[in-house]
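*Asks:* Take a look at this one; I'll ask things after.
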Amino acid sequence: MAVGVVFFLFLVVALATAPGGDAAVVEHTFIVSQMMLNHLCNNTPVIVVNGQLPGPAIEASEGDSIVVHVINKSPHGVSIHWHGVKQQLNCWADGADMITQCPIQPNKNFTYRFNVIGQEGTLWWHAHVACLRATIHGALIIRPRLGSSSYPFHKPDKEIPIVIGEWWGTDLVRLDKRFNNSNFAYVPGSSTINGKLGDLNNCFGFIEENYILNVEHGKTYLLRIVNAALHPQYYYKIAGHMFTVVAADANYVKPYMTDTIAIAPGETVDVLVVANAPPGMYYMVALGIMSLGPITETPAFISRGIVSYNNQANATSDGTPIMVPEMPDQREETLAFYFHDNLTSLVHHRVPADVDERLFITVDTGNMCRKGSVPACGLVSRMNNISFQPPANGSLLHAHYSNNMINNVISTLQDFPSRPPPRMVFNRGHTSKATSLRRVRYNTTMEIVLQGPPIWPSYPNPMHLHGHDFFILAQGHGRYNAEKDVQAYNLLDPPVRNTALVPVLGWMVIRFVTRNPGVWLLHCHIQQHVSTGMAVAFVVENGPTMDTTLPPPPADYPSCDNQN
Ligand code: C2O
């Protein structure tokens, strides 16, 4: 306890007194290009950054400036989102396609400039167009300004990014088109750990490589786990080892011991693991959670890597037995619910008490029929019964900035209601498409109840808010009940996150203050859901002063000509 308090004070002092002068500039060049990868007996063209999958990790210290020159040599337009970066007064660099910018067209460049002030831990970056983030992603690591000895936990000997992803083995732009007007949930060919499919995947006897983590006995490792998958939530486990969870979404949590991590798409989790098992080899397993139904139609999404004490590059070939962890059932969702429920903030922030604006938002899928499309009807995703349609000919932010031209430029606009239409809640029909947008004044304390369908099971929806962290005050099953559930709010040490996993058959309450003018998307991080409309844009107005006003766009801001 005493140690915890000392660490806590140290952290606060470190963040408050960090001298402005010694912040560094971390500079990267990202060359986006197409290359061929062969997995599961198939050559597939994929678009990657610097020829790597996962892409390069960005490593910075709190307070640094980050400069990334994106050079697009690929055949598709791209934008890159810095997932979890607050982008204070810097919405132009958020990288959300058609929200904050138009994509960088082939053979064009754009330089993203942003800082990581007041943020520490693991974030990540990914493409924010169609499904391209399946192969365009990487970790964004922010260490304490005063070095790794000022972590509020035992200083790790080594830090390792663990990026959980997927191998789709298909054209990802076409996949995105197939998501629409479809009654089918598309699933990947395999899961990956740091780009490797692992030895449970083979075709005609060609076994896929495992990711191998060589460890030294007695050493402590900080695993920075990112779920970059388009599709499911994952369980992650290492045979014979325990984890101490120390952070999530780049916010420290009270140390929490467990042998199983649950991580939803978009989330990050930092864990300490001590290599204290008898020397040998141990599988690490990432298993996709398919809470919806029969295994027959949902094969196991699984990737294995190996933790090796033997320093063997090719651990599988010499016949040494490798310990296998006992995984939860792939349809088991309760464990993931409690994993999230058990996280509390290490630092006790002051949770704003007076709520200015309350939203009740239903997140679900519904049927929508369109004239002239084949098939005529298909499932779409929606929030308060509106299925989000990105604008076609310009970014929302630029239209909003240009003397409020937003209504002239964007013809599909609709104000997002503070509740779903009466009697239409979780009615499968009655969906419309619109660029739904919610205007919010500067410095508004928002409380949002996110309600999933309480009747029929669906996936838990990881709702990610751009440009803001929020407090998670409560979550529960069934229908949210304002009178009763408010009693259960955690106002003392709620976790601070950028992604809120709305449980299956349940709800979640988040609270945050709008002090960052711009246009910020709130959306589900399951790609099929966001591609088919589970999103809404918040327009946060400027504050009263210059330093609460969004500056003009950068000079090389991508033009919106030639958008397709
Ligand atoms: Cu990580 Cu809008 O997403």
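*Asks:* What lysines could a cross-link reach from LYS155, if we take a straight Cα to Cα line under 24 Å and drop same-chain neighbours fewer than 8 places away?
*Replies:* LYS219, LYS237, LYS254
*Asks:* Would you mind calculating the gained length between SER182 and TYR309 on full extension (0.36 nm times residue separation, minus the Cα-Cα distance), in nm to one decimal?
*Replies:* Details: separation 127, 0.36 × 127 = 45.72 nm, distance 4.72 nm.
Difference between extended and current length: 41.0 nm.
*Asks:* Counting DSSP beta bridges with both partners in the chain, what percentage is antiparallel, nearest 5? All intermediate terms of the calculation are to be shown ahead of the outcome.
*Replies:* Values: 104 of 145 bridges.
Here the share of antiparallel DSSP bridges comes out near 70 percent.
*Asks:* Another question about this same structure. Which percent, nearest 5, of DSSP beta bridges in the stretch 357-548 are antiparallel?
*Replies:* Taking every DSSP beta bridge with both residues in the stretch 357-548, the antiparallel ones total about 70 percent.
*Asks:* Can you tell me the FRET efficiency between GLU357 and LYS484 if r is taken as the Cβ-Cβ distance and R0 is 25 Å, rounded to the nearest 0.05?
*Replies:* Working: r = 22 Å, r/R0 = 0.87.
Plugging the Cβ-Cβ distance into 1/(1 + (r/R0)^6) gives 0.70.
*Asks:* Rounded to the nearest Å, what's the spacing between the alpha carbon centres of the stretch 239-281 and the stretch 472-544? Just the number, please.
*Replies:* Comparing the Cα centres of the stretch 239-281 and the stretch 472-544, I get a distance of 25 Å.
*Asks:* So, one more: For the chain, what is the charge dipole size about the Cα centre, in debye to the nearest 20, if Lys and Arg each add +1 at the Cβ and Asp and Glu each add -1 at the Cβ? Mind dumping the intermediate values first?
*Replies:* On the way: 36 positive and 42 negative charges, 250 e Å.
Here the size comes out at about 1200 debye.
*Asks:* To continue, here is another question. Set the Förster radius R0 to 41 Å, insert the Cβ-Cβ distance between MET35 and ASP547 as r into 1/(1 + (r/R0)^6), and round the FRET efficiency to 0.05. Please report the intermediate quantities before stating the final value.
*Replies:* Values: r = 44 Å, r/R0 = 1.07.
FRET efficiency, MET35 to ASP547: 0.40.
*Asks:* Moving on. What's the percent breakdown of Cα-Cα distances in the chain across 20 Å bins, shortest bin first?
*Replies:* Percent of pairs per bin, in order: 21, 59, 19, 0.
*Asks:* Extension gain ALA300-ASN393, at 0.36 nm per residue separation less the Cα-Cα distance, in nm?
*Replies:* Numbers: separation 93, 0.36 × 93 = 33.48 nm, distance 4.02 nm.
This chain segment gains 29.5 nm when fully extended.
*Asks:* Give the residue list of trypsin sites (Lys or Arg not before Pro) in the stretch 32-137 that are DSSP loop and have at most 15 other beta-carbon atoms within 10 angstrom.
*Replies:* Details: sites: LYS73, LYS86, LYS108, ARG113, ARG133; in loops: LYS73, LYS86, LYS108.
Qualifying residues, ordered by number: LYS73.
*Asks:* Can you give the longest stretch of the chain with no exposed loop site, where a site means chymotrypsin sites (Phe, Trp or Tyr not before Pro) in a DSSP loop (not H, G, I, E or B) with at most 13 other C-beta atoms within 10 Å?
*Replies:* 205-564
*Asks:* Putting +1 on Lys and Arg Cβ atoms and -1 on Asp and Glu Cβ atoms, find which of THR499, CYS377, THR548 reaches farthest to the positive end of the dipole of the stretch 357-548.
*Replies:* CYS377
*Asks:* Moving on. Expressed as a fraction of 2.2 N^0.38 Å, the rule-of-thumb size for a compact globular protein of N residues, what is the C-alpha radius of gyration of the stretch 357-548? Let's see the in-between values first.
*Replies:* On the way: Rg = 16.7 Å, N = 192, 2.2 N^0.38 = 16.2 Å.
Relative to the rule-of-thumb radius for its length, the stretch 357-548 sits at 1.03.
*Asks:* May I ask you to list the GluC sites (Glu not before Pro) in the stretch 201-298 that are in a DSSP loop and have at most 15 other Cβ atoms within 10 Å of their Cβ?
*Replies:* Numbers: sites: GLU208, GLU209, GLU216, GLU267, GLU297; in loops: GLU208, GLU209, GLU216, GLU267, GLU297.
Answer by residue number: GLU209, GLU216, GLU297.
*Asks:* How large is the dipole of the stretch 357-548 about the Cα centre if only Lys and Arg carry +1 and Asp and Glu carry -1, each at its Cβ, rounded to the nearest 20 debye? Working shown, then result.
*Replies:* Details: 16 positive and 10 negative charges, 123 e Å.
For this selection, approximately 600 debye.
*Asks:* Can you tell me which lysines have their Cα less than 18 Å from the Cα of LYS433? Leave out same-chain residues fewer than eight positions away.
*Replies:* Output for LYS433: LYS177, LYS371.
*Asks:* On to the next question. For a footprinting-style exposure proxy, rank THR431, THR192 by other Cβ within 10 Å, fewest first. Write out the running numbers ahead of the final one.
*Replies:* Working: THR431 21, THR192 28.
Lowest count first: THR431, THR192.
*Asks:* Taking 0.36 nm per intervening residue step and subtracting the Cα-Cα distance, what contour gain separates ASP259 from HIS430 on full extension?
*Replies:* On the way: separation 171, 0.36 × 171 = 61.56 nm, distance 4.40 nm.
Separation in residues times 0.36 nm, less the Cα-Cα distance, equals 57.2 nm.
Here, each number is a calculation from the coordinates, and none is a lab measurement. As the structure is a prediction and not an experimental result, all values here were calculated from the model. No Cβ is skipped: glycine too gets one built from the backbone with ideal geometry, and neighbour counts run over all protein chains shown.
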